[in-house]
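Here the structure comes first, spelled out in structure tokens, and everything after it is commentary.
The values are calculated or read from the model by the stated rules, or taken from the named source; none is laboratory data. What you see is a predicted model, and the numbers here were worked out from it, not measured in a lab. Glycine gets a Cβ as well: all are built from the backbone with ideal geometry, and neighbour counts include every protein chain shown. Note: areas computed on protein heavy atoms with side chains; ligands, DNA, RNA excluded. Shrake-Rupley method; radii C 1.70, N 1.55, O 1.52, S 1.80 Å.
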Amino acid sequence: MDEQFEGDYTLQFNLAPPLFSRRHPETGHLMKTTFGPWMMHVFGVLARFKGLRGTAFDIFGKTEERRTERQLIVDYMATVEEIAQRLTADNHEIAVQLASVPERIRGYGHVKERHLAEARAQEEALRAAFEADPRDRKAAE
């Protein structure tokens, strides 16, 4: 790090590990805790266990957030398959918008949850437009 940064600095990491963090009493969101530079060693240890990701020994993979992420991949593949089967010149623009919905799902924890809820609402509206008869779609525009 010293070769990249000059001056007097201290590394701090603001994290909310889902297995260890407390929840905010009012919002229920995980609360971040500040960790010092010793976390670099922890990150190094975690990196050595990278091969366990996606296996029965992946303790972080058992969280609700990780299960949701895996399901989102399955759902997206099904959506793309459906789009490919029903794509026409009339629904192309909506198909592109529908396929782009996952780009809006960003962040971690409650931030990601909020974006996911917004993306699902948008997907529902786009899916209805995609499935609508082209004559009905043009009348609505």
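Length gain on complete extension for the stretch E82 to R120, per 0.36 nm per residue less the alpha carbon to alpha carbon distance?
Details: separation 38, 0.36 × 38 = 13.68 nm, distance 1.67 nm.
So the extension gain works out to 12.0 nm.
So for the pair T27, H92, with labels modelled 7 Å out along Cα→Cβ, what separation do we get in nm?
With each label point 7 Å from Cα toward Cβ, the separation is 4.3 nm.
Note down the relative contact order for segment 74-131 as a percent, whole number, built from C-alpha pairs under 8 angstrom at least six residues apart.
Once divided by the residue count of segment 74-131, the mean separation gives 34 percent.
So which residue, out of V80, V101, V45, gets the largest mean-square fluctuation from a GNM of the chain using Cα contacts under 10 Å as springs?
Looking only at V80, V101, V45, the largest GNM fluctuation is found for V45.
Let a ≥ b ≥ c be the square roots of the eigenvalues of the Cα gyration tensor of the chain; is it rounded (a/c under 1.5), or, if not, prolate (a/b larger than b/c) or oblate?
prolate
Please report, as a whole percent, how much of the solvent-accessible surface of segment 23-67 comes from carbon and sulfur atoms (probe radius 1.4 Å).
Its accessible area is 63 percent carbon and sulfur atoms.
Taking the chain as the reference, fit the longest principal axis to its C-alpha atoms, fit the long axis of helix 39-48 to the helix C-alpha atoms, and give the angle between the two in degrees, 0 to 90, nearest 10.
60
Taking the solvent-accessible surface of protein heavy atoms with a 1.4 Å probe, what is the per residue accessible area of segment 1-132 in Å²?
77
How far is helix 109-131 tilted off the main Cα axis of the chain, in degrees rounded to 10, range 0 to 90?
Orientation of helix 109-131: about 10 degrees from the principal axis.
Probe radius 1.4 Å, ligands and nucleic acids ignored: give me the carbon and sulfur share of the accessible area of segment 80-132 as a rounded percent.
Numbers: 1800 of 3520 Å².
Result for segment 80-132: 51 percent of the exposed heavy-atom area is carbon or sulfur.
Count neighbours as other Cβ atoms within 10 Å of each site's Cβ, and list the trypsin sites (Lys or Arg not before Pro) in segment 40-141 that are DSSP loop with at most 12 such neighbours.
Loop-located and lightly packed - R53, R106.
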